[in-house]
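Derivation of every value follows stated rules applied to the coordinates shown; laboratory data play no part. Treat the numbers as computed from the prediction; the structure is a model and nothing was measured. Neighbour counts are summed over all protein chains in view; Cβ atoms, including those assigned to glycine, are modelled from backbone coordinates with ideal geometry.
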Amino acid sequence: MSRIPIRYLPWMLRDLLRTQGLVLFAISLLIYVITVRISPRPPATIGPDWIRNMVQQSGWIFILLCTSEMVSGDRIQGYYRSIFSRPVSPPLYYLQRWLLGALLVAVMAPVYTLSFSLALGHIPMEWSLVGRLESFYLLLGGLVFLVSTVLRADWLLGLMVFMLQSMLNALHHSPQIDLSSFWVFVYQLLPPFHLTGLNAPPLTGSDLTHVLLYGAGLVLAALAVLRWRPLGAGGRA
């Protein structure tokens, strides 16, 4: 039997749509209802700014929702025993699940754009938002994926690292504050979340390479843990 978990794909997608997908639908519906009720109706030209604001405020939350307890939940609940009772590769199984989360995050900006367009009139899709979200997912989602292979509080640790890096980035670029060498070292070790922000310059050259290599390293490290560290006693067939 093949160790490629394609047969699990429809079930993974169904579970995502019934949980995280439902959250995205509820948010988009709320956006439409609130926007329609605003009086006087704002012009459609303000829509792109509102969309960027919504993506910036909810993007990190949705990424945490899509990756939270992705591995640790199956391990704690004992689901891995039935999932891997057949010869299915754990690294490929959870990589497939992680990629589906990336796909769901990619539709966030188009769904928000559709909601505002239905309420205000046609608003052109800003596709650069999708690229920004996906690069952010690579870093934050990759970090949560890696932590989830060893700890249960994966989303919490991911959030703490994100907040710490954001704070150190603000201090590092403040002309009034001079960070000590220790904190500069910590800042350089943390994922470069600031490069994926909506207000950051376009990702090109060394910045793009930094983000891609760091994010790929996180995902590859998670796959290595899944390959060499048992999920539990008697559960890896």
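Tabulated data for the structure shown
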read-out: Rounded to whole Hz, the Karplus (6.51, -1.76, 1.60) HN-Hα couplings of region 52-58, x for glycine and proline; value: 4, 5, 5, 5, 5, 6, 10
read-out: Ranked M163, M12, M54, criterion: other C-beta atoms within 10 Å, fewest first; value: M163, M12, M54
read-out: Region 35-153: relative contact order as a whole-number percent, Cα under 8 Å and 6+ apart; value: 47
read-out: Residue of V105, V88, V71 that the Gaussian network model of the chain assigns the largest fluctuation, springs spanning Cα pairs under 10 Å; value: V88
read-out: For region 135-171 versus region 49-104, the gap between their alpha-carbon centres in whole angstrom; value: 14
read-out: Cα gyration tensor, region 20-105 - rounded (a/c under 1.5), prolate or oblate; value: prolate
read-out: Cβ-based exposure ranking for T45, T67, in which fewest neighbours within 10 Å come first; value: T45, T67
read-out: Check: the chain dipole with +1 on Lys, Arg Cβ and -1 on Asp, Glu Cβ, in debye; value: 960
